[in-house]
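Remarks on the structure that follows.
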Amino acid sequence: MNWTIEFGGDPQDVTVTTRGRASREGFFGFNAALVSDTRWRPGMAVLLDHSNLDTSELTGRDVEEIAAFVLRLSDQLGSCSCAVLTPDSYARGLADVSISYVSPSPFAIRTFAKRAEALEWLTERKLGRST
C-alpha cells in the first residue's frame, strides 16, 4: 500500500491519497505520518482519497485494528473532519464499519462515492452547516 500526503487545498487542508493493495500496516503508516508531520494541526479538514485502493483482502479484524489505531490518535486528530472517498460499495462498507468503531469520537468522518460530494461536505463542515 502506498500513500501521499499533500497539505493545502480548498476546502480540505490536507489530502491523503492511497493506492495499491490495502493493508493494516499501510493504514497505520499513513495515519502516523499524517499526525507526526509538523504541518498537521488538530481539527484540519482531510480528504482521504481511497479511490485507487484495493480493499479486497482487508478482514474484519484488520478494520477493527485500524479503527483502534485511529482512536489512539484522537488527541492528535482533534476535531478534524475527514471525508473518505471510496472506489466501490465494498470499500465504503468497510469504511463505514471502521467509522462505527471510532464513534463517538471528537472527529467527524463520512464516506463518499464522489469527490464533489466529499468536497461539498468538507465545505459545509468548515462553514458550520453540516454534522
- Just name the residue that is farthest from ASP62 (Cα to Cα) out of those in the stretch 109-131 that are surrounded by 19 or more Cβ atoms within 10 Å (Cβ to Cβ), of a type in the set (A, V, I, L, M, F, W, C) and in contact with a helix residue (DSSP H, G or I) (Cβ under 8 Å, 6 or more places away or on another chain). PHE112
- Would you point out which residue out of ALA95, ALA32 is touching a His at 6+ places or on another chain (Cβ under 8 Å) and of a type in the set (A, V, I, L, M)? ALA95
- Message: Given the options LEU58, LEU77, name the one that is of a type outside the set (Ser, Thr, Tyr) and within 14 Å of the chain's Cα centre (by Cα).
- Response: LEU77
- Within the stretch 81-108, track down each residue that is of a type in the set (A, V, I, L, M), farther than 20 Å from LEU34 by Cα and buried (at least 18 other Cβ atoms within 10 Å of the Cβ). ALA91, LEU94
- Query: Considering only helices (runs of 4 or more DSSP H) fully contained in the stretch 35-129, which possess at least 1 residues that are farther than 20 Å from GLY9 by Cα?
  - Reply: 60-72, 74-77, 89-101
- the stretch 46-79, subset among the acidic types (Asp, Glu) and touching a strand residue (DSSP E or B) at 6+ places or on another chain (Cβ under 8 Å), residue nearest to PRO104 (Cα to Cα): ASP49
- PHE27 meets each of (1) farther than 16 Å from LEU94 by Cα; (2) without any contact (Cβ under 8 Å) to a residue 60 or more places away in the chain; (3) crowded, with 18+ Cβ neighbours inside 10 Å with one exception, condition (1)
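Read-outs: derived from the displayed coordinates by stated rules, not from any lab. This one's a predicted model, so the numbers in the text were calculated from it and none came from an experiment. Backbone-built Cβ (ideal geometry, glycine too); neighbour counts: all protein chains shown.
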